[in-house]
Amino acid sequence: MSINNSKSKMPDPSVLKEEILKKYPGKIAKKRSKGFLVNDPTTVPEIQANVRTIPGIITQRGCTYAGCKGVVLGPTRDVVNIVHGPIGCSFYAWLTRRNQTSPPTENDPNFIPYALSTDMQDENIVFGGEAKLKTAIQEAFDEFNPRSIAIFSTCPVGLIGDDVHAVAREMKEKLGINIFGFSCEGYRGVSQSAGHHIANNKIFSNVIGIDDVTEPKGKFKMNMLGEYNIGGDAFVLENYFEEMGIDLVASFSGNSTIESYEYSHKVDLNIVMCHRSINYIAEMMEKKYGIPWFKVNFIGAKATAKSLLKMAEYYEDAAMIKATKALIDREMAKVQAVIDEVRPKLEGKTAMMFVGGSRAHHYQELFTELGMETIAAGYEFAHRDDYEGRKVIPSIKIDADTRNIEDLKVEKEEASFRSELQDKKAKLEGAKFDFEDYEGMMPEMKKGALVIDDISHWESEKLIEKYRPDIFCAGIKEKYVVQKHGIPLKQLHSYDYGGPYAGFEGAINFYREMERMLTTDIWKMIDAPWKNEPEMVGSMVME
Amino acid sequence: MLLRHTKKASEAVDRKALTINPAKTCQPVGAMYAALGVHGCLPHSHGSQGCCSYHRTALTRHYKEPVMASTSSFTEGSSVFGGQANLLQSISNIFAIYEPEIIAVHSTCLSETIGDDLKQITEKAIADGKVPEGKHLVQASTPSYIGSHVTGYSNMVKGFIDKFAFNTGEKKRQVNLISGWVEPSDMREIKRIMKIMKVPYVMLPDTSDVLDAPMTGKFQMYPNGGTTISEMASMGDSMATVATGHFCSRDSAIHLENKCKVPFKLTDVPIGVKATDRFIQAVSSAAKVSIPEEVNVERGRLVDALADMQQYFYNKKVAVYGDPDTLIPLCEFLVDLGMKPMAVVSGTPGKEFAKRMEAILAEKVPGAKFANGSIADMYKLHSWIKEEPVDLIIGNTYGKYIARDENIPFLRYGFPILDRIGHSYFPTVGYMGTLSLAKDILNLLMDYQDANCIEEKFELVM
């Protein structure tokens, strides 16, 4: 299937590409051209991704710190996070990512509503900030008595040479709790993605597996990776797992505790939701502990059903498979009823989405279920494998920016290695059961659709102008820009404060949301009724 | 409880190094906001992408409007070897692709730490021919490790004056207004007052018609509003300057006086009766015009309404946090209403704050606590509230956590407001703005009473 270009509003994508890139100075046009493709799902062309944004180009991207503190560590409630730097970085990552959390009792710790900072001043920049950081850690310990403290480095920290890791070691020794630091200065990578990797590394080396004593309860134990509980997505999924009989040991990192990470190496399976931000932990846990992982997707009803069933089949438990099928049948009936009602209103409408490292792919499922077409999509900070599939990983060129981020050398830990799980994996793999799998976005998009990495403001404006999509999905920085054109924008980072959108319940919420956004009369009010009427002649003069 | 770990002031650690829940943010976001108040201007953040992204996000969430800005996109290499190449490339690209009239460059903690000199780099850009004819570069040094967002606002405004204001030797019958950090609606309201007073003016910056631009079905990268280049140039010929707010506007007024010999009057942001009175008087004397009757009528309407409301305000305790330029006139107004600002914090440093608070609170509100600068944060404010409960909290969105935990009515006021819509449309300055502010406070107190009083005390007429 290919994009239907016969409709008058659909320009030829190759011509459009040329027209958009023409605006750029020569070298830049050439560079952007490699990240701006016309899709072909059968051949899947190579896309340029995870490379530097050109200075001065208005980008959606944020920084390494945002990926580390904001995305990966932000949602964990029982760790005290201290941001080492001037005040802004802590301020902006303070409760701004909608990570809902549910401490079991009033007495359980929850530090998410607190923003802690060393608020570095000029004298700290000149003379160093380590002493202030130590005092700040002591004060946080005295005030909050947490089980863990994490330190996040902001741009000046690396430049002035503060050694946050040495401070962490010293204070860990002194206070007797787990303290660790992240070298996640904003400039470390080309986007948030570097911060994800840095966060993964540190959690893996300093938290996962440090508690070998606690035995998590349950018969079928699992971790969920890359689900951040925006708008309560994780809550929906937790209910499904419980109904299926799966015990969720740790979630990286929506609705999670650092305590659960410490014994999270004692599970039978890791499922990966957002491949981009967390595949590193999945891989490292498999190498060290032998825990198999596979990719799941809970965005879209059919994708949810497929993922849940695969999980049940992995455990090879008849009762679980039966319960899962019953769950799917029950929920799919509700889903179908809403699709039947909403789809006729939305069928044939067009969507564009430029967001994240996973969502621009996952959310296409929901639009497909509504009969809508995704005519252009791209990621903000993904790598080639998120576009083209994991099979391209060996061929990805490692540039200087990627080399900057440490690739941990992980070795098999004989004492706790789960060779029985590896045997199970080998057996299932023979039966066409995929592990370590991610096909990427492009094979699932239509021929002729545009795939654009790290889209710029200029490019998105031209796309809107030429295609006039019915809905555009991106983030807050793009929202009102697009809406000034009279086209609704759905935020897929914060969900426009709605949701949950995961699972069956979430799918229904999303269908209803699209029904609202695409049928509202607000956009029809832009022009006043007299806009096209002739102007009044003559005048009534007020004395 | 959401803030379940917050302790009473008497039980909390006496902190020296750790800020918890800040009542400020960093300089560049203020510079970005100020630059949006100049017509045809694209703010540019010379630092990591995250700075620009975070500032755009905060401003967009507050204003619910497009906030356009670009970044030098630093990487490890630029951090080591200096950001000059990134800035030069940015300048070429921005003029080629986004075509602004002005690029307003501000620095960040990153570019300041490595010692990038914006003045030198922008001069080089001009020398290298990277700035097209008739286009301009403005720069401001805004290191995040000095001052606060308020300082960044002030520095950027000063940068525009430094670049454009020019004394031609021919006086112009107009008054400069350096507006301070207020909402677009407030800037619009001040302009309305100037119209009533028949005073020609130039306002810098002016975010009205930029951050409250109408829906037209077309995106305008550079909306109709904002101070123009010719207006800024003419500021050097004005009769006088009225600068509102010590922290946001004083430096710019001084700079303009030094550069172009335009005398200035520094007054408060016109929030409340007395601050508005002083503002009106300052404008009147700066422009040498008498105060028209219409102003008296508006003032009379406000005082009349406040007389009706005063019984409900009397002795109510308030906790307030935010920026000094708004906190000073706001606390003065609260005291005038008979309320007691018992706890006041601002993360923005500066001795002027303590001096003014002392004058406003010492006599009339014994026992009031106030702090600003380092460690003057919302955790401290909350721990004070836990020690001595209040009837009302006033401040930016972050106060909602305290308000819910402690069951205290809460007025959203200041920056940022992330969870409500309307603050950028309805002014709180001038006599009419003050009336609207007083009404909002009163409604909160009365709604609280209606929702929480016992049934036999629930009454129809209040």
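The values are calculated or read from the model by the stated rules, or taken from the named source; none is laboratory data. Note that the structure is predicted; figures quoted are calculated from it, not measured. Positions of Cβ are generated from backbone atoms using ideal geometry, with glycine treated the same way; all protein chains shown enter the neighbour counts.
Here the condition is being out of contact with any Ser or Thr (no Cβ under 6 Å at 6 or more places or on another chain) and outside the structural domain of B:P200 (by TED's automatic domain parsing); of B:V303, B:V283, it holds for B:V303 alone. When segment A:154-177 is limited to residues that are within 12 Å of chain B (Cβ to nearest Cβ) and in contact (Cβ under 8 Å) with a residue 60 or more places away in the chain, the one that is nearest to A:A66 (Cα to Cα) turns out to be A:T154.
List the number of the failed condition for B:E388; all other conditions in (1) more than 19 Å from B:L2 (Cβ to Cβ); (2) within 11 Å of chain A (Cβ to nearest Cβ) hold. The failed condition is (2). Scanning segment B:1-52 for residues that are closer than 30 Å to B:S73 by Cα, charged (D, E, K, R) and more than 7 Å from every other protein chain (Cβ to nearest Cβ) returns no hits. With respect to (1) more than 9 Å from chain A (Cβ to nearest Cβ); (2) over 31 Å from the mean Cα position of the chain (by Cα); (3) free of Cβ contacts under 8 Å to residues at least 40 places away in the same chain, the lone exception for B:K124 is condition (3).
Which residues, taken from segment A:22-58, are hydrophobic (A, V, I, L, M, F, W, C) and within 11 Å of another protein chain (Cβ to nearest Cβ)? Selection gives A:I28, A:A29, A:V51, A:I54, A:I57, A:I58. The criterion of being crowded, with 18+ Cβ neighbours inside 10 Å, modelled with pLDDT of 95 or more and in a helix (DSSP H, G or I) does not hold for A:I82.
Screening segment A:11-47 for residues that are over 20 Å from A:E444 (Cβ atoms) and in a loop (DSSP other than H, G, I, E, B) and picking the one that is modelled with the lowest pLDDT gives A:P11. Scanning segment A:337-369 for residues that are buried (at least 22 other Cβ atoms within 10 Å of the Cβ) and not in a helix (DSSP H, G or I) yields A:A351, A:M352, A:M353, A:F354, A:V355, A:G356, A:G357, A:S358.
Name the residue that is nearest to the other protein chains (Cβ to nearest Cβ), counting only residues in segment A:85-106 that are under 24 Å from A:Y280 (Cβ atoms) and either over 19 Å from the mean Cα position of the chain (by Cα) or outside any loop (DSSP other than H, G, I, E, B) (or both). So, considering only residues that are under 24 Å from A:Y280 (Cβ atoms) and either over 19 Å from the mean Cα position of the chain (by Cα) or outside any loop (DSSP other than H, G, I, E, B) (or both), the one nearest to the other protein chains (Cβ to nearest Cβ) is A:C89.
Could you tell me which residue of segment B:424-438 is surrounded by the most Cβ atoms within 10 Å (Cβ to Cβ), considering only residues that are touching a residue at least 12 places away in the same chain (Cβ under 8 Å) and outside any loop (DSSP other than H, G, I, E, B)? Here the answer is B:T434.
One line per residue, one yes/no per condition, for (1) at pLDDT 95 or above; (2) under 25 Å from A:S183 (Cα atoms); (3) of a type in the set (G, A, S); (4) not in a loop (DSSP other than H, G, I, E, B):
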position: A:G371; (1), (2), (3), (4): yes, no, yes, no
position: A:T374; (1), (2), (3), (4): yes, no, no, yes
position: A:A377; (1), (2), (3), (4): yes, no, yes, yes
position: A:I398; (1), (2), (3), (4): no, yes, no, no
position: A:D407; (1), (2), (3), (4): no, yes, no, no
position: A:E420; (1), (2), (3), (4): yes, no, no, yes
position: A:D423; (1), (2), (3), (4): yes, no, no, yes
position: A:A426; (1), (2), (3), (4): yes, no, yes, yes
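A count restricted to segment A:107-149 and to residues that are among the aromatic types (F, W, Y), within 7 Å of chain B (Cβ to nearest Cβ) and in a helix (DSSP H, G or I) stands at 1. Checked against (1) under 30 Å from A:E19 (Cβ atoms); (2) touching a Ser or Thr at 6+ places or on another chain (Cβ under 6 Å), B:V38 passes all but condition (1).
Rundown of residues vs (1) part of a loop (DSSP other than H, G, I, E, B); (2) under 20 Å from the mean Cα position of the chain (by Cα); (3) more than 29 Å from B:K340 (Cα to Cα), yes/no style:
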residue: B:N224; (1), (2), (3): yes, no, yes
residue: B:S230; (1), (2), (3): no, no, yes
residue: B:A240; (1), (2), (3): no, no, yes
residue: B:V269; (1), (2), (3): yes, yes, no
residue: B:Q281; (1), (2), (3): no, no, no
residue: B:E294; (1), (2), (3): no, no, yes
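Screening segment A:449-541 for strands (runs of 3 or more DSSP E) wholly inside it with 1 or more residues that are at pLDDT 95 or above and of a type in the set (D, E, K, R) returns the ranges A:489-491. Among the residues making up segment B:386-422, a single one is in contact with a Gly (Cβ under 8 Å, 6 or more places away or on another chain), assigned to a loop (DSSP other than H, G, I, E, B) and among the hydrophobic types (A, V, I, L, M, F, W, C): B:F415.
Residues that are among the aromatic types (F, W, Y) and surrounded by 22 or more Cβ atoms within 10 Å (Cβ to Cβ) within segment B:405-423 comprise B:Y413, B:F415, listed in sequence order. Within segment B:69-76, identify whether any single residue is at the interface with chain A (Cβ under 8 Å from one of its Cβ atoms), within 24 Å of A:Y187 (Cα to Cα) and in contact (Cβ under 8 Å) with a residue 40 or more places away in the chain, and answer yes or no. No: segment B:69-76 contains no residue that is at the interface with chain A (Cβ under 8 Å from one of its Cβ atoms), within 24 Å of A:Y187 (Cα to Cα) and in contact (Cβ under 8 Å) with a residue 40 or more places away in the chain. Residues in segment B:187-197 include none that are touching a residue at least 24 places away in the same chain (Cβ under 8 Å), more than 14 Å from every other protein chain (Cβ to nearest Cβ), touching a His at 6+ places or on another chain (Cβ under 8 Å) and surrounded by 19 or more Cβ atoms within 10 Å (Cβ to Cβ). Residue count for segment A:182-233 satisfying the condition of being within 14 Å of chain B (Cβ to nearest Cβ), crowded, with 24+ Cβ neighbours inside 10 Å and in a loop (DSSP other than H, G, I, E, B): 8. Scanning segment B:343-358 for residues that are modelled with pLDDT of 95 or more, within 25 Å of B:D304 (Cβ to Cβ) and not assigned by TED's automatic domain parsing to the domain that holds B:G147 turns up nothing. Annotation note: of B:S48, B:S92, B:S73, B:S53, the sole residue that is surrounded by fewer than 24 Cβ atoms within 10 Å (Cβ to Cβ), of a type in the set (S, T, Y) and outside the structural domain of B:G399 (by TED's automatic domain parsing) is B:S92. Pairs are defined by a Cβ separation below 9 Å, a sequence spacing of at least 6 or placement on different chains, a first member in segment B:77-96 that is within 12 Å of A:Y187 (Cβ to Cβ), and a second member that is among the acidic types (D, E) and surrounded by 16 or more Cβ atoms within 10 Å (Cβ to Cβ); the pairs so defined are B:G77/A:D401; B:S79/A:E185; B:G83/B:D116.
The residue pairs whose first member lies in segment A:443-457 and is touching a residue at least 40 places away in the same chain (Cβ under 8 Å), whose second member is surrounded by 24 or more Cβ atoms within 10 Å (Cβ to Cβ) and among the acidic types (D, E), and whose beta carbons are closer than 7 Å, counting only pairs six or more residues apart or on different chains, are A:I452/A:E459; A:D454/A:E380. Cβ-Cβ contacts under 8 Å between residues 6 or more apart (or on different chains), taken from a first residue in segment A:122-145 that is under 15 Å from A:I87 (Cβ atoms) to a second residue that is of a type in the set (F, W, Y), are listed as A:D122/B:Y145; A:N124/B:Y145; A:I125/B:Y145. In segment A:59-79, of all residues being farther than 13 Å from A:S153 by Cβ and of a type in the set (S, T, N, Q), the one that is farthest from the other protein chains (Cβ to nearest Cβ) corresponds to A:T76.
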